[in-house]
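Notes to accompany the following structure.
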Amino acid sequence: MSNIVLSASVRQNLLSLQSTADLLATTQGRLSTGKKVNTALDNPTNFFTAQGLDNRASDISNLLDGISNGVQVLQAANTGITSLQKLVDSAKSIASQVLQSPTGYSPKSNVTAAAVPGATANNLLGTAFTNNTVTGSLVNNDDTGGAAPITGATKLVGTAGAGSNDLGTAITNGSVLTVDGKTITFSTAQTTSTTDSFGNVTIGIGAGSNLTVQTVLSAIDGITGAATASTVSGGQLVLSTGTSQDLAISGSGNVLTALGLSAGTTARVPPPLSGKTLTIGATGGGTQTSVTFGFGVGQVSTLNQLNAALASNNLQATIDPTGHLNIVTSNDAASLTIGAIGGTAAASGQPFYGLIAQAPTADPNSQSTRANLVAQYNNVLAQINTTAQDSSFNGVNLLNGDTLKLVFNETGRSTLTIQGVTLNDAGLSLAPLNQGVDFLDSKSANAILTSLNSASTTLRAEASTLGSNLSIVQIRQDFSKNLINVLQTGSSSLTLADTNEEAANSQALSTRQSIAVSALSLANQSQQSVLQLLR
């Protein structure tokens, strides 16, 4: 070829044709691949930048599979928790049936005290405070009949005489009868009876007074608050007093002599249980009962007050119309025996003396029902265990203590570790029940319900945690997908060709190539003409 000599025009046209062919090949390559940068030779900067973006997008895309598996693991655990909650609710229903079923014992442990006279639900103490009768002898020194007991409404003034209706011994002016700290003053300055703002009484014995011994008795009753009116009976004053305090009588002048009374204090007779104490040992894990009967602060006088004191010891009381107090275990402690009974109310001669509670008697039919409920409960617990064990995905079980670790970026520095929990019966602080031991009474059922409520709280808390983690993982999953799109879009913007532009280039280069071929042909024709001349 070195011996071949081309003219300048031919060589120029040939070079142009070669250049056009190269450009056309490049354009056709871009059209066929869709890229304007196919190798580092096309554009080193764009090629390697795009390659880095594509590589990162590929790495993140590979991580998406692990993230998707993590989502399924969390969803499997959440499905398991939903089922576990339903099983716990079923167990609650079984325990509630125990509360609604007949008491497992009939009769339950109980004691009945001796009758308390006058005791009622509103007054357990018995007959109200009463005083021993206070009496005073009244004698009318009748001239015709001699000294004789007074039976009528004898006037307080005048002197004894034939057919008189006066007090045998007239009360002198200024005499004072003191009753429970209040004074009854006899005065000739008036003929009526008056009472001052302090409750002190003045009885008029002036000339013309028609006031009688009954006036004095009414004044005494007003001071003592007697429920039964004081009277004159068989020549004697019979004073009835109130319940608030003992009756204290004193006097000045001749009032005590005239009325046949003696100075002194007469004590009240208290109700049978007043001031007595009652203790009952702890029953069924309850608090020992210790009460004092009475009307004072902190004391017990009504059935409601007694039951309030007994409640913490799993006991309750009733009273019948004859005054018998019965104390029995509540349904919470139906399987247990009442604790030891003591206190002064249990001393010799007192209503609770010698009382020893007997053990409860089991009811076979009721106990059979409760035993069946125990079996049902244990079956539910077995399902709780298997459900927790089956809540896995791809070998990872967050309800069986497994750990899930998710990686979110290609460097491995962005991760999320989810520590599983054990949610079998032991993990929920539940345990199988025993026949003849559990569900015997309401207290046992309530204890199980308390444990089940706690298990529900645990499940709800774990469901909340799983939900939060699932939300995080799904957010990162969406983020990774969007990031891959961003990376791939960025890579494409650096390497992809504009097909419209390249198609136009291809058309233009094809035209240029045709022109170059024509030009080369013309140049070649001029050389052929020279050759013809030489021939």
- Pseudo-spin-label distance Ala504 to Phe295, built 7 Å along Cα→Cβ, given in nm, is 11.6
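Classify segment 44-92 from the C-alpha gyration tensor, please: rounded if a/c falls under 1.5, else prolate or oblate depending on whether a/b exceeds b/c.
Details: a/c = 12.91, a/b = 8.56, b/c = 1.51.
Prolate.
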- Query: How big is the gap, in Å, between the Cα center of segment 73-116 and the Cα center of segment 383-434?
  - Reply: 28
- Task: Between the alpha-carbon centers of segment 179-198 and segment 353-374, tell me the distance in whole angstrom.
- Result: 68
- Message: With the cut-off at 1.5 for a/c, could you classify segment 324-457 from its C-alpha gyration tensor as rounded, prolate or oblate?
- Response: prolate
- Message: Using a Förster radius of 25 Å, what is the FRET efficiency between Gln72 and Arg413 based on their Cβ-Cβ separation? Nearest 0.05, please.
- Response: 0.55
- Whole-Hz couplings from phi, Karplus 6.51/-1.76/1.60, listed for segment 62-74; x for Gly and Pro: 5, 6, 4, 4, x, 5, 4, 5, x, 4, 5, 4, 5
- So the FRET efficiency between Asn434 and Asp65, C-beta based with R0 = 45 Å and rounded to 0.05, is 0.35
- Length gained, Ala382-Ala347, 0.36 nm per residue minus C-alpha separation, equals 7.2 nm
- Principal axes of segment 209-282: Cα extent on each, largest first, Å: 68, 23, 22
- Query: For Asn365 and Ala114, FRET efficiency with R0 = 22 Å and r from the beta-carbon atoms, rounded to 0.05?
  - Reply: 0.05
- Query: Once both labels are modelled 7 Å past Cα along the beta-carbon direction, what's the Thr231-Asn210 spacing in nm?
  - Reply: 2.4
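Fully extended, how many nm does the chain gain between Ser137 and Asp89 (0.36 nm per residue separation, minus their Cα-Cα distance)?
On the way: separation 48, 0.36 × 48 = 17.28 nm, distance 8.20 nm.
Length gained between Ser137 and Asp89: 9.1 nm.
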- Query: Between Ala371, Phe439, Ala426, whose Cα lies farthest towards the positive end of the dipole of segment 354-476 when Lys and Arg beta carbons carry +1 and Asp and Glu beta carbons carry -1, centred on the Cα centre?
  - Reply: Ala426
- Amide H contacts of Leu315 (H built 1.01 Å from N, under 5 Å, at least 5 apart or other chain): Ser330
- Cα centroid distance between segment 290-335 and segment 444-459, in Å? 30
- What residues qualify as long-range amide H neighbours of Val269, i.e. H under 5 Å apart, gap of 5 or more or another chain, H built at 1.01 Å from N? Thr130, Asn131, Asn132
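How much length is gained on full extension from Ile356 to Thr127, taking 0.36 nm per residue of separation minus their Cα-Cα distance? Don't jump to the answer; show the numbers that get you there.
Numbers: separation 229, 0.36 × 229 = 82.44 nm, distance 2.62 nm.
Between Ile356 and Thr127, full extension yields 79.8 nm more.
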- Query: Going by average Cβ neighbours within 10 Å, how do the peptides 177-187, 419-429 rank, with the highest at the top?
  - Reply: 177-187, 419-429
- Query: Which percent of Cα pairs goes in each bin when the distances of segment 356-405 are cut into 10 angstrom slices starting at zero?
  - Reply: 20, 25, 20, 15, 13, 6, 1
- Cβ crowding within 10 Å averaged over residues, with 214-227, 379-392 ranked highest first: 214-227, 379-392
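Only the coordinates and a few stated rules stand behind these numbers; no lab work does. Note that the structure is a prediction, hence the values are computed from the model and not measured. Heads up, the Cβs are rebuilt from the backbone with ideal geometry, glycines too, and the neighbour counts pull from every protein chain shown.
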